[in-house]
Amino acid sequence: MTKITAAITAVGGYVPDYILTNAELEKLVDTNDEWITTRTGIKERRILKGEGKGTSDMGVEAVKDILRKTGIKPNEIDLLICATTTPDFQFPATSNVITDKAGLSNAFGYDINAACSGFLFALTTGAQFIETGKYKKVIVVGGDKMSSIMNYEDRATCIIFGDGCGAVLLEPDIDGYGVVDSVLKSDGSGRAYLHQKAGGSVKPATHETIDAKEHYVYQEGQTVFKFAVTNMAEVAYEIMERNNLTSEDIAWLVPHQANKRIIDATRIRMGLPEEKTMLNIQRYGNTTNGTLPLCLWDWEKDLRKGDNIVLAAFGGGFTWGATYIKWAYDGSKYHQ
Ligand code: UT7
């Protein structure tokens, strides 16, 4: 029997217009452009402005981008999985809101929350629905409105994060293109170092939790940094080894954009030069679930059929992982 793989056949994306620069952050907190640039690589990030706008509004634009490119009709999509840590609501799922707003009338959907690794977890999950032969068109969205849980008085976190959303379309392939392999990991004992203290079932919102600013991102940066540097590099190396990939075989590393120093450590462990490493952290900051699909979106025009691509992520939870993809199309066809 012919093996079916899940090929990415188009990428969509959306970043809000508003640009929050390091210079503007200097006015909000005690920081400076030099510190932010050398410690993180970030110059600016995008912020979603506007009353009543949430993660779904960016997700809808990313989905529409895919539909516009491919000419696929909204009602042809079977399933939409949304990876997000900043859902529109506690419930219903943001995927439901996106399918409704984008007119995906035949799609079912659900959300996945694995913090910054969420897109990889969702991509791997979405791929399985294609590989079984049961579904033909699956969209995986990854994105966050991190500004909605950001304390713009906390210089340790507010300089890092931004808003944005990307999406990929998965379709069946019988020539081996698409998602080849994934290594996904989590260690819940890491939850203490990166989380949101209140707003869940353990500590529902009260006046006190609001006053204590417990609905914002809490991060012990140095600890997270140490785990991220080691684990993202190791898992990326592991997926190379078990697929017999040398650094020459790899066309692109697509790393989670949390800190340029973490990206460099991963790239060096894999033996890759900077030219093969996607880097847009300077423009978007850390968009959590959005970083990986937004890289694919920015670089789509440069991707060639047959390119070996390794995606790698590390995030809250802790969660981390790497995915090996054999790229299925010349991206230039959508960028004439
Ligand atoms: O997205 C997935 C998960 N997240 C990550 O992967 C993020 C991992 N962590 C990091 O990227 C880094 O730890 C940060 C960028 C968050 C912080 O960089 P760092 O090099 O680890 O700095 P630090 O926390 O060790 O702080 C060093 C110094 C401290 O001052 P003292 O105690 O040495 O006087 C901080 O108070 O830098 C100070 N500092 C700042 N100074 C200027 C912290 N934040 C700032 C700031 N501007 N924004």
### Task
Kindly provide the set of residues from region 241-251 that are touching a residue at least 24 places away in the same chain (Cβ under 8 Å) and either buried (at least 23 other Cβ atoms within 10 Å of the Cβ) or of a type in the set (Asp, Glu) (or both), ordered by number.
249
#### Entry: Odd one out for residue 228, checked against (1) surrounded by fewer than 21 Cβ atoms within 10 Å (Cβ to Cβ); (2) within 24 Å of residue 282 (Cβ to Cβ)
(1)
### Task
Identify all residues within region 200-219 that are more than 12 Å from the ligand (Cβ to nearest atom) and under 23 Å from the mean Cα position of the chain (by Cα); write none if there are none.
200, 215, 216
### Task
Working carefully through the options 104, 123, find the one that is closer than 16 Å to residue 292 by Cβ and crowded, with 24+ Cβ neighbours inside 10 Å.
123
### Task
Looking only at region 164-211, count how many residues are under 30 Å from residue 240 (Cα atoms) and among the β-branched types (Val, Ile, Thr).
5
### Task
For region 130-137, indicate whether the set of residues that are outside the structural domain of residue 86 (by TED's automatic domain parsing) and hydroxyl-bearing (Ser, Thr, Tyr) is non-empty.
no
### Query
Just checking, which of 296, 292 is surrounded by 23 or more Cβ atoms within 10 Å (Cβ to Cβ), touching a residue at least 60 places away in the same chain (Cβ under 8 Å), within 16 Å of the ligand (Cβ to nearest atom) and closer than 24 Å to residue 336 by Cα?
292
### Task
Would you check if there is a residue in region 56-76 being among the polar types (S, T, N, Q), more than 16 Å from the ligand (Cβ to nearest atom) and either within 29 Å of residue 260 (Cα to Cα) or at pLDDT below 95 (or both)?
yes
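Here is a yes/no grid of residues against (1) part of a strand (DSSP E or B); (2) away from the ligand (no atom under 13 Å from the Cβ):
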residue: 136; (1), (2): no, yes
residue: 139; (1), (2): yes, yes
residue: 148; (1), (2): no, yes
residue: 152; (1), (2): no, no
residue: 157; (1), (2): no, no
residue: 164; (1), (2): yes, yes
residue: 168; (1), (2): yes, yes
residue: 172; (1), (2): yes, yes
#### Entry: Residue list for region 220-253, filter: of a type in the set (Ser, Thr, Tyr) and near the ligand (Cβ under 10 Å from one of its atoms)
223
### Task
Write out, first by first residue and then by second, each pair whose Cβ atoms fall under 6 Å of each other, whose residues are 6+ apart or on separate chains, and whose first residue, in region 311-336, is farther than 18 Å from residue 11 by Cβ while the second is assigned to a helix (DSSP H, G or I) and more than 16 Å from the ligand (Cβ to nearest atom).
322/239
### Message
Residue pairs, Cβ under 8 Å, 6 or more apart or interchain, first in region 98-117 and more than 30 Å from residue 188 (Cα to Cα) and modelled with pLDDT of 95 or more, second more than 16 Å from the ligand (Cβ to nearest atom) and of a type in the set (Asp, Glu). List them.
### Response
101/57; 106/76; 106/78; 107/78
### Task
Output the qualifying pairs, or none if there are none: Cβ atoms under 7 angstrom, residues six or more apart or on different chains, first residue in region 188-211 and outside the structural domain of residue 91 (by TED's automatic domain parsing), second residue part of a helix (DSSP H, G or I).
190/227; 193/223; 193/224; 194/224; 196/149; 198/209; 203/209
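The values are calculated or read from the model by the stated rules, or taken from the named source; none is laboratory data. In this text the structure is predicted, and so the values were computed from the model without any measurement. Quick reminder, even Gly has a Cβ in these numbers, built from the backbone with ideal geometry, and neighbours come from all protein chains shown.
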